[in-house]
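See structure below.
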Amino acid sequence: MQSPCLRKLNGLFLFRDAVIVEAKKARFTEPLRLTGGAVLPEFEIAYETYGELNAARSNAVLVCHALNASHHVAGTYADDPRNVGWWDNMVGPGKPVDTDRFFVVGNNYLGSCFGSTGPTSPNPATGKPWGADFPVVTVEDWVAAQARLADRLGIERFAAVMGGSLGAMQALQWTLSYPQRVRNAIVIAATPKLSAQNIAFNEVARQAIMSDPDFHGGHYYDRGVVPVRGLRIARMIGHITYLSDDAMMEKFGRQLRRSALGFDFGADFEVESYLRYQGDKFAEYFDANTYLRITKALDYYDPAADYDGDLSAAFARAQADFLVVSFTSDWRFSSARSREIVRALLDNRRVVSYLEIDAPQGHDAFLLDDPRYFGALRAYFGNIAL
Amino acid sequence: MTEADTIARWVAPGARVLDLGCGDGRLLRQLWETRQAPGYGVEIDDAKVLACLRNDVNVLQMDLEDGLAAFADRSFDTVILSETLQAIHRQEPLLVEMLRVGREAIVSFPNFGYWRARIQIALAGHMPVSKELPYQWYDTPNVHHCTLVDFEALCAKVGFQVLERVVLTDGKPVAAFPNLLGALAVYRVSA
């Protein structure tokens, strides 16, 4: 039993041990031709790095983020110690992706509102924010931009490219766009393409944003307004799909927010209050134009499209080894979708391991430190030769 | 001679191997090290899946009861089912699947016809508990036991050819009265 004093001391040491990181930006002036045909004359990618690139440059790991995260994967900022990276439980010294061994690169995708060039960035042609004029970008475009970042950092070949959800799509795409530049792809809570139901949810979210009177066709920056109502609803819809039915029931049940049913349209139930809170919080920091573009990138992703829907044919050019992880309670991107990926990899005789973690939390399980999941990643990364 | 050595002898160098119910991946590791045979294991148990990853063996966490839909026809040289047959609910469809995805199959199982098992039932009047069958009847992963005679009858029914058979007791091959004196049976079969 520790004394309160000793616990406090430990707490201080923990705080001191927090890895201080710094967000950086890389500027690229060579135009980038996008999948949709538009050309970005120049762009910036926000990124962070953790650990040291070794002399052989063989220990680099690229982390790709999902819908609402950023390049801030791990550690904290000196001037903002409470701002802990979104995958800090996974990436850091002694963690499953051990930064004492690996040089980890977090990056923010194009079109984001967290630092990389996106709708809120100035359009060089006008000097004003791109807004609605920012082109629709794809997973392939993101990977192309990340490859430029890799070049800039002197990384010819990644030891691993990893991500969950939308991040997993980027990891998959890396093995297709740059087969020789990825040794291992870590593909978590993934799908090879969105289902009609997935697209339907995204469309409802987009309609919520676009029908907000403050949206103004995407030109809301000039008017000093934000389509907050649309963003809130979009986030509420998204959030429902990130949790399992069981997880929601476990967390909220039918617990009431007030002492009795109100017989009005206030938040009676805890779950309503929770969704409202999540929606409000999201609308404060997320950009509506970015949300539209990211959901489109999700909808469009389908590496098998050029191969008559044959995913195995699409993966014929992949050269990486793969670790695929799914969660049984994930109904957004179910285990069956991950097994499609595994089947395509087996058809191509790729080296692949597949974990189906019986976790109750739903899609969001990929962010939580289940010991089976983290143990597997620790073991897998431990076997990557440098 | 161990079961693993028997299996390794039957796996051609460089053969593509699928090990169903692969445990901690030890056999796959041995086949890679001694026969340079690349392979995949299928395992459902979390702890064993993790052990496979630690052993640097390809492992796929799947339920064998769901079949082998993840694997294409004739995509393996050898499909192994090592001491797992007795824990499968629907054995016949799995055996058929094994020879759909593989050219050959290797199947091993504890022989329920082994004299020690027979004596425990016939004389002591209780379900056998032994080195090969270490479980109490009410607390066992095993659901369908069989003897050499039973397995060979099933092979005949589904049209499998028995190419080779090794019967072991305490690591030693058994030649005479194998269904009585053999504790463990290892078969190599093809369609």
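The values are calculated or read from the model by the stated rules, or taken from the named source; none is laboratory data. What you are looking at is a predicted structure, and each value in this text was computed from that prediction instead of being measured. Using ideal geometry, Cβ is built from the backbone for each residue, glycine included, and neighbour counts are taken over all protein chains shown. For accessibility, only protein heavy atoms count, side chains too; no ligands or nucleic acids. Shrake-Rupley method; radii C 1.70, N 1.55, O 1.52, S 1.80 Å.
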Answer yes if at least one residue in segment B:103-117 is open to solvent by 50 Å² or more (accessible area, probe 1.4 Å) and without any contact (Cβ under 8 Å) to a residue 60 or more places away in the chain, and no otherwise. no
Cβ-Cβ under 6 Å, sequence separation 6+ or interchain: first residue in segment B:28-48 and within 12 Å of chain A (Cβ to nearest Cβ) and open to solvent by less than 70 Å² (accessible area, probe 1.4 Å), partner in a helix (DSSP H, G or I) and not hydrophobic (A, V, I, L, M, F, W, C). Which pairs? B:46/A:372
Residue A:330: assigned to a loop (DSSP other than H, G, I, E, B), among the acidic types (Asp, Glu) and either open to solvent by less than 20 Å² (accessible area, probe 1.4 Å) or within 14 Å of chain B (Cβ to nearest Cβ) (or both), yes or no? yes
Going through segment A:306-327 one residue at a time, which ones are within 19 Å of residue A:368 (Cα to Cα) and at the interface with another protein chain (Cβ under 10 Å from one of its Cβ atoms)? A:323, A:324, A:325, A:326
Close pairs (7 angstrom Cβ cut-off, 6 or more residues apart or separate chains): within 17 Å of residue A:160 (Cβ to Cβ) in segment A:76-92, surrounded by fewer than 18 Cβ atoms within 10 Å (Cβ to Cβ) anywhere: A:92/A:19
Going through segment A:258-285 in order, the residues found to be of a type in the set (D, E, K, R) and more than 27 Å from residue A:331 (Cα to Cα) are A:258, A:264, A:284
Only one residue in A:372, A:349 is touching a Lys or Arg at 6+ places or on another chain (Cβ under 8 Å), without any contact (Cβ under 8 Å) to a residue 40 or more places away in the chain, within 10 Å of chain B (Cβ to nearest Cβ) and open to solvent by 40 Å² or more (accessible area, probe 1.4 Å). Which one? A:349
Counting residues that are within 12 Å of chain A (Cβ to nearest Cβ), which strands (runs of 3 or more DSSP E) fully inside segment B:51-119 reach at least 3? B:58-61
Residue hits (segment A:199-245; in a loop (DSSP other than H, G, I, E, B), small (Gly, Ala, Ser) and surrounded by fewer than 16 Cβ atoms within 10 Å (Cβ to Cβ)) are A:211, A:224
Only one of (1) outside any helix (DSSP H, G or I); (2) open to solvent by 10 Å² or more (accessible area, probe 1.4 Å); (3) within 14 Å of chain B (Cβ to nearest Cβ); (4) in contact (Cβ under 8 Å) with a residue 12 or more places away in the chain does not apply to residue A:361, and that is (3)
